[in-house]
Amino acid sequence: MLVKIRQVWFFVALVVLNCLPEPVCQAAEADPTLQVLHWWTSPRERKAASLLANRLMDEGVAWKDVGVPGGAGIGAGKVLKSRVLASDAPEVTQIIGASIRDWADLGFLLELDKVANANKWKTAFFPTIQTLIQYRHHVVAAPLGIHRINTLFYNRKLFSSLKLAAPESWNDLVNVAAKLKTAGIKPLAQSSEPWQVATLFENLILAENGPDFHREVFSRQNPQAVLERRFLVALERLRLMKSWMIQAIDERPWPDVVRQFANREAAMMIMGDWAKAELNETDYETDLEFSCATMPGTGRFHLYSVDTFSMFTKDYAHVAAQEKLARLIGTSQMQNEYNAAKGSVSVRQDADPNKMDSCARASWSDFAQGAAMQAPSLAHRMATDESSRDAIIAVIHRFFIDDALSPAETQKRLAALFRTLNMNIRK
Ligand code: GAL
């Protein structure tokens, strides 16, 4: 009862401040308040964040939103570093993949073992998620959802008017692209922004070669692996795909690429499944206007990025509120609601795939097959730490931009980079 009264007053305070919770807004009057730094700034991402903020508010905790634009967290990572250096870390931050380990290693992250044990996270979450959120046997992150990076979106109406089937192999894809071109339709909506080019390239590495080769290259950074012929083939394919784009050099933010696809400016798009949520937001319906398939050649492999929130310890003044948010994130209800809005899938093994749309059902079921079918995304920091990721992406991006640069020279550059990175004793 007391909680309810507090909620009503809190809501009244927000209205007086002209600050409604939808979209997420700053709730300066509320106590306790958690600052949440993230990179969800597209309309649908904001909706998913609002869902979390509203549920948190039901528990008497206000969410002070710090959304930093920049796909894949390019801007948010920089803002976080400078705020920490200025002793002004937010209480909650979207820190994902290998970056969790790096921040935990510096001793900044709150241990969430109490929440994890009380809510049986060990049995509730997929094993890969367990590993990801732990550092030195302590839970230091709360998992929100699993995104699939090897998603091929195709325009159903365009495909059926040209009697095309969703491509399953590289040869199918080449044939489909040729037919689309003949019909005067651009095959691919794609940005030349570095992380988006890296997304396409890691899809090409996964296709045909499988998760083990993907790990050999991007996680283990084996110099020999990049000198193999199959790596060269992937580079050649990347260059060919450049000729399928609306405009080859065009560093668009990802929501603009989604808009191009929705406006029928191109028939296909290879992008993480957050794009599905954005398409739905513009009334572009799954399995009506478009469908999801996997990147040709990747079959049931799952190239993943897992969104996680870590909590900064600071002076331990916000622990109760931080634990409330962590607990909430792991619940079945929050997982189902949030992931349906975000385009990702639940991290819980007891989720019900029958309640998901076709893209989510395939993603969740394929992820559930286990680690042998999973590949950690390079572009989203799942495969390696932030600086190694940036260095690898820079080499791939240079190759993409500069047609005079040969695949063989790029292989040599990456092999040299991997030798340097391997000197890092933590690998
Ligand atoms: C990923 C993140 C997603 C989405 C995407 C585009 O790194 O996991 O939630 O925000 O970037 O920015």
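The values are calculated or read from the model by the stated rules, or taken from the named source; none is laboratory data. From a predicted model like this one, the values you see are computed outputs, not experimental measurements. Counting neighbours? That spans all protein chains shown, and the Cβs are built from the backbone with ideal geometry, glycine included.
Below, the figures for the structure above:
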{"quantity": "Pair list, Cβ under 9 Å, 6 or more apart: region 366-387 residue modelled with pLDDT under 95, other residue among the polar types (S, T, N, Q) and more than 15 Å from the ligand (Cβ to nearest atom)", "calculated": "none"}
{"quantity": "Search result, residues across region 310-339 that are within 16 Å of the ligand (Cβ to nearest atom) and farther than 16 Å from VAL61 by Cα", "calculated": "SER310, GLN335, GLU337, TYR338, ASN339"}
{"quantity": "Verdict on THR123 being among the β-branched types (Val, Ile, Thr) and part of a helix (DSSP H, G or I)", "calculated": "yes"}
{"quantity": "Residue in region 405-417 that is assigned to a helix (DSSP H, G or I), at pLDDT 95 or above, of a type outside the set (A, V, I, L, M) and touching a Ser or Thr at 6+ places or on another chain (Cβ under 9 Å) present", "calculated": "no"}
{"quantity": "Positions within region 166-191 being over 24 Å from GLY370 (Cα atoms) and out of contact with any strand residue (DSSP E or B) (no Cβ under 8 Å at 6 or more places or on another chain), in sequence order", "calculated": "TRP170, ASN171, ASP172, LEU173, VAL174, ASN175, ALA178, LYS179, THR182, ALA183, GLY184, SER191"}
{"quantity": "Only listed residue being of a type in the set (Gly, Ala, Ser), surrounded by 15 or more Cβ atoms within 10 Å (Cβ to Cβ), touching a Phe, Trp or Tyr at 6+ places or on another chain (Cβ under 7 Å) and more than 22 Å from MET241 (Cα to Cα), chosen from ALA379, ALA415, ALA383", "calculated": "ALA383"}
{"quantity": "Pairs, first closer than 15 Å to PHE125 by Cβ and basic (Lys, Arg) in region 316-341, second outside any helix (DSSP H, G or I) and at pLDDT 95 or above, C-beta under 8 Å, six or more apart", "calculated": "ARG327/ASN119"}
{"quantity": "Matching option when the condition is within 28 Å of SER387 (Cβ to Cβ), part of a loop (DSSP other than H, G, I, E, B) and within 16 Å of the ligand (Cβ to nearest atom), among ILE100, ILE146, ILE96", "calculated": "ILE96"}
{"quantity": "Options SER346, SER305: the member that is in contact with a strand residue (DSSP E or B) (Cβ under 6 Å, 6 or more places away or on another chain), within 15 Å of the ligand (Cβ to nearest atom) and on the phi < 0 side of the Ramachandran plot", "calculated": "SER305"}
{"quantity": "Check on ILE133, closer than 29 Å to ILE205 by Cα and crowded, with 17+ Cβ neighbours inside 10 Å", "calculated": "yes"}
{"quantity": "Residues of region 31-84 that turn out to be in a helix (DSSP H, G or I), surrounded by fewer than 17 Cβ atoms within 10 Å (Cβ to Cβ) and of a type outside the set (Val, Ile, Thr), as a count", "calculated": "7"}
{"quantity": "Near pairs, Cβ below 6 angstrom, 6+ apart or cross-chain, from region 257-283 (acidic (Asp, Glu)) to any residue that is not in a helix (DSSP H, G or I)", "calculated": "GLU265/ILE246; ASP273/HIS147; ASP273/ARG148; ASP273/THR151; ASP273/GLY343; GLU278/SER42"}
{"quantity": "Residue in region 233-240 that is under 30 Å from GLU45 (Cα atoms) and of a type outside the set (Phe, Trp, Tyr) present", "calculated": "yes"}
{"quantity": "Unmet requirement for SER358, which otherwise passes all of (1) under 20 Å from THR151 (Cβ atoms); (2) buried (at least 23 other Cβ atoms within 10 Å of the Cβ); (3) not aromatic (Phe, Trp, Tyr)", "calculated": "(2)"}
{"quantity": "Long-range neighbours under 6 Å by Cβ, at least six apart or interchain, first residue acidic (Asp, Glu) within region 63-80, second in a loop (DSSP other than H, G, I, E, B) and crowded, with 22+ Cβ neighbours inside 10 Å", "calculated": "ASP65/VAL24"}
{"quantity": "Test: residue in region 284-306 that is more than 17 Å from ASP366 (Cβ to Cβ), outside any loop (DSSP other than H, G, I, E, B) and of a type in the set (D, E, K, R)", "calculated": "no"}
{"quantity": "Number of the exception - MET382 against (1) more than 25 Å from GLN130 (Cβ to Cβ); (2) within 24 Å of the chain's Cα centre (by Cα)", "calculated": "(1)"}
{"quantity": "Residues located in region 261-288, provided they are more than 20 Å from the chain's Cα centre (by Cα), modelled with pLDDT of 95 or more and buried (at least 16 other Cβ atoms within 10 Å of the Cβ)", "calculated": "ALA262, ALA266, ALA267"}
{"quantity": "Wholly enclosed helices (runs of 4 or more DSSP H) of region 199-282 bearing at least 3 residues within 14 Å of LEU378 (Cβ to Cβ)", "calculated": "229-242"}
{"quantity": "The lone exception for PHE108 - which of (1) over 24 Å from GLU202 (Cα atoms); (2) at pLDDT below 95 it fails", "calculated": "(2)"}
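Listed here are the residues, each with its yes/no results for (1) more than 16 Å from the ligand (Cβ to nearest atom); (2) without any contact (Cβ under 8 Å) to a residue 24 or more places away in the chain; (3) surrounded by 15 or more Cβ atoms within 10 Å (Cβ to Cβ).
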site: HIS137; (1), (2), (3): yes, yes, no
site: LYS157; (1), (2), (3): yes, no, no
site: ALA166; (1), (2), (3): yes, no, yes
site: SER191; (1), (2), (3): no, no, yes
